[in-house]
Amino acid sequence: MTSPSVARVYDYYLGGSHNFEVDRAFADRVLDALPEMAAVAQANRAFLRRAVHHMCAQGIRQFLDLGSGIPTVGNVHEVAATACDDARVLYVDNDPIAVAHSRALLDDDPSTAVLAADLTDPRRVLDDPLTRSHLDLTQPVAVLLVSVLHFVPDEADPAGIIAAYAAAATAPGSHVVVSHASDEGGLSGASQAQNLYNRDASPNRMRMRMRMRDNEELTALLAGLELVEPGVVRIPLWRPETPVGPEAQRYPGLAAVARHTGPPGD
Ligand SMILES: C[S@@+](CC[C@H](N)C(=O)[O-])C[C@H]1O[C@@H](n2cnc3c(N)ncnc32)[C@H](O)[C@@H]1O
């Protein structure tokens, strides 16, 4: 609590109250550099809602939400409750405060479970008894990696991590849902924001390290999966429900939904 956390800083962008002075001071510096940051976080949550609706429309009833964050309005289980019948959600995060808040909020809800784990260790997540008891990986699953992959550095092999989850969730209809920070939209504040995160990532705070990726890089991370229309696009442009203006092209974030098409174990 003496250093900022990704989860609590994000909660602050979203107007939540599960954050401390140290988080707010850091987030305010990011907001000075990139005033659009709060709107970007809201656009990300709106994408999450649209993607969950889309998954429900595809018949998916199970959600593995990796890097799920501090529960806030419009969490996956709430959206799924309105869009699917009997959805099951497993929330996974490596931030102790995000996990504690999630457990406190969801303790009475048997359709949700919360796992404290690092998503960069897919075997640890997939083989955990809680994962095995809460999700049936022989049935379609949506693997959600929403606004988290930019905290996975290249040396952790994000493509291999995505492939490992996709390989475990191969029932026909399984999908991977991704949103990702990107500095290719031409907003100078985006790379400044990335620098602020990285400057804060001292050796004992490596979780703050941020690696924005462009469209080509994110597309490469999803190699082997079939992109659902409209492919990798700026977050507001992924199946918008209302018309979006030209400013959407400058959004410092990308979104995509991809389908696993190979045979089981592929
Ligand atoms: C920006 S928040 C996004 C929360 C949520 N997915 C959303 O879009 O609203 C990123 C979350 O990912 C978590 N996170 C970052 N790296 C992680 C890792 N290696 N394993 C598990 N969780 C991670 C952080 O603790 C934080 O809660």
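Only the coordinates and a few stated rules stand behind these numbers; no lab work does. These numbers come from a predicted model, not from an experiment. Note that we place each Cβ from the backbone using ideal geometry, even for glycine, and neighbour counts take in every protein chain shown.
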Exposure proxy order (Cβ contacts within 10 Å, fewest to most) of Met208, Met1, Met37, Met55: Met1, Met208, Met37, Met55
Estimated distance in nm for a label pair at Arg29 and Leu227, the labels positioned 7 Å out from Cα along Cα-to-Cβ: 3.5
Share antiparallel - DSSP beta bridges, the chain, percent rounded to 5: 40
Under-5 Å amide H pairs with Leu115, H placed in peptide plane, nonlocal only: Tyr91, Val92, Asp93
